[in-house]
Amino acid sequence: MSRTVGIICGSFASALFFHPTTAQAQVQYTLKPTPKTVAVGYYDAKAAPVLRVKSGDVVEIQTSITSSPKRLEDAGVATGDVEQSLRDITTQVTEKGPGGHILTGPVYIEDAQPGDVLEVRIQKIKLAIPYAYNAFGAGRGYIPDDFPYTRMKIIPLDEQRMVAKFGPGIEIPLHPFFGSMGVAPPESAGRFSSNPPWIMGGNMDNKDLVAGTILYLPVHAAGALFEVGDGHAAQGDGEVDITAIETSLVGTFQFVVRKDMHLKWPRAETPTHYMTMGFNDDLNACATLAVREMVDFLVTEKHLSREDAYMLASVSADLHITELVDGNKGVHMMIPKNIFVGNSSK
């Protein structure tokens, strides 16, 4: 069954974090960014869903570059190269903020309830446009006092070679990912800004969440209410000037409701690593959360004692600064799968 829904325009083969499968599913829905299918700047448990799907369904979701036609044109993008959907969203969406990201969704996944986990299998990510930008603004970024002004740079993307042409003699390999993937926060949080990552995921800016990876999000509201946006063609850990190689992307996602999992913070896995995360406005607190989550994972899923889990995290897991510039900072910890060679490995 394939559906294109008017204003809403539905393969994965890696060992899942907790739920092995090799099945590949077909796209069942396609969701495109329009003034009626985006949330600009927020995650909200009371937001009206733009699409309803069932656990196991596959949705192809297109996202919009987080900018405006004027900013892009002023920076050098030809008028005809600005997406019409971005023009429509910019002029027709009046309910915005408190953040600034253009997020496609929310998608309501049937049977997802608070306390469950939404397993998001990122099957495919492709470029939607042949250009991107990087920009910084006065008073923003990790070293704002060094750059008390604004600059924006348009970066051509070569999809055939999968490189970004940053400048003469500089080509950056492309590894597209979505900077923001999340579900609704608890209703008590109200309309939560799209800027800082938190317990529901959101603006994690995690460059390791590329195609072929899986994201696990704690569910806080009925239907989960998944949103995605902030497309990045590539990024450095930290995202220090506050933007990556920002662009529009098309992602294919399979959503699976997990009644057998219960998480406090998002987790993920790549084909080669297990990943835990921590988000807080203090970098040390982020690292503490990521380490504690890794110890918990090793105890719960690999059946180690807490002491051995702590030791194994120290000798085999790596901490990465996910990002530094969006209110809450992020740290993620990764441990390789190939160290688990015995029968206790899952």
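The values are calculated or read from the model by the stated rules, or taken from the named source; none is laboratory data. Given the structure is predicted, the values throughout are model-derived calculations rather than measurements. Note that we place each Cβ from the backbone using ideal geometry, even for glycine, and neighbour counts take in every protein chain shown. Side chains are part of the model used for accessible areas, which takes the heavy atoms of the whole protein and leaves out ligands, DNA and RNA. Shrake-Rupley method; radii C 1.70, N 1.55, O 1.52, S 1.80 Å.
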**Q.** Every residue from segment 276-292 that is in contact with a Pro (Cβ under 9 Å, 6 or more places away or on another chain) and either among the aliphatic types (A, V, I, L, M) or in a helix (DSSP H, G or I) (or both)
**A.** Met277
Q) Quick one: is Asn280 among the polar types (S, T, N, Q), open to solvent by 40 Å² or more (accessible area, probe 1.4 Å), at pLDDT 95 or above and out of contact with any strand residue (DSSP E or B) (no Cβ under 8 Å at 6 or more places or on another chain)? A) no
Q) What number of residues within segment 96-124 are over 17 Å from Ala221 (Cβ atoms) and aliphatic (A, V, I, L, M)? A) 2
Q. Which of the residues spanning segment 136-180 are among the β-branched types (Val, Ile, Thr) and under 22 Å from the mean Cα position of the chain (by Cα)?
A. Ile155, Val163, Ile172
(Q) Just to check your reading of the model, which residue among Thr272, Thr247 is of a type in the set (Val, Ile, Thr), open to solvent by 10 Å² or more (accessible area, probe 1.4 Å) and under 30 Å from Met162 (Cα atoms)? (A) Thr272
Q: Mind counting the residues in segment 112-138 that are under 14 Å from Ala211 (Cβ atoms) and charged (D, E, K, R)?
A: 3
Q: Select from segment 318-336 the residues that are open to solvent by 20 Å² or more (accessible area, probe 1.4 Å) and farther than 22 Å from Pro98 by Cα and list them in ascending order.
A: Asp318, Leu319, His320, Ile321, Pro336
Q) Residues in segment 163-178: is at least one open to solvent by 50 Å² or more (accessible area, probe 1.4 Å), modelled with pLDDT of 95 or more, of a type in the set (Lys, Arg) and part of a loop (DSSP other than H, G, I, E, B)? A) no
**Q.** Residue that is most open to solvent (accessible area, probe 1.4 Å) [pool: residues in segment 284-293 that are within 20 Å of the chain's Cα centre (by Cα) and aliphatic (A, V, I, L, M)]
**A.** Leu289
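A quick yes/no check of all residues on (1) surrounded by 14 or more Cβ atoms within 10 Å (Cβ to Cβ); (2) farther than 17 Å from Asp205 by Cβ:
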position	(1), (2)
Val93	yes, yes
Gly99	yes, no
Tyr108	yes, yes
Glu119	yes, yes
Leu127	yes, yes
Ala138	no, yes
Tyr149	no, yes
Lys153	yes, yes
Q | Odd one out for Asp208 among (1) open to solvent by 30 Å² or more (accessible area, probe 1.4 Å); (2) assigned to a strand (DSSP E or B); (3) of a type outside the set (Val, Ile, Thr) | A | (2)
**Q.** Residues of segment 301-315 satisfying the condition of being open to solvent by less than 100 Å² (accessible area, probe 1.4 Å), in contact with a Leu (Cβ under 9 Å, 6 or more places away or on another chain) and either modelled with pLDDT under 95 or assigned to a helix (DSSP H, G or I) (or both)
**A.** Lys302, Asp308, Ala309, Leu312, Ala313
Q. So, of the residues in segment 8-52 that are open to solvent by 30 Å² or more (accessible area, probe 1.4 Å) and in contact with a helix residue (DSSP H, G or I) (Cβ under 9 Å, 6 or more places away or on another chain), which turns out to be modelled with the lowest pLDDT?
A. Ala15
Q.
Given the criterion small (Gly, Ala, Ser), open to solvent by less than 30 Å² (accessible area, probe 1.4 Å) and under 22 Å from Gly212 (Cα atoms), identify the matching residue among Ser64, Ser55.
A. Ser64
(Q) Checking Val82 against (1) farther than 26 Å from Tyr42 by Cβ; (2) more than 23 Å from the chain's Cα centre (by Cα); (3) of a type in the set (Val, Ile, Thr): exactly one of these is not met. Which one? (A) (1)
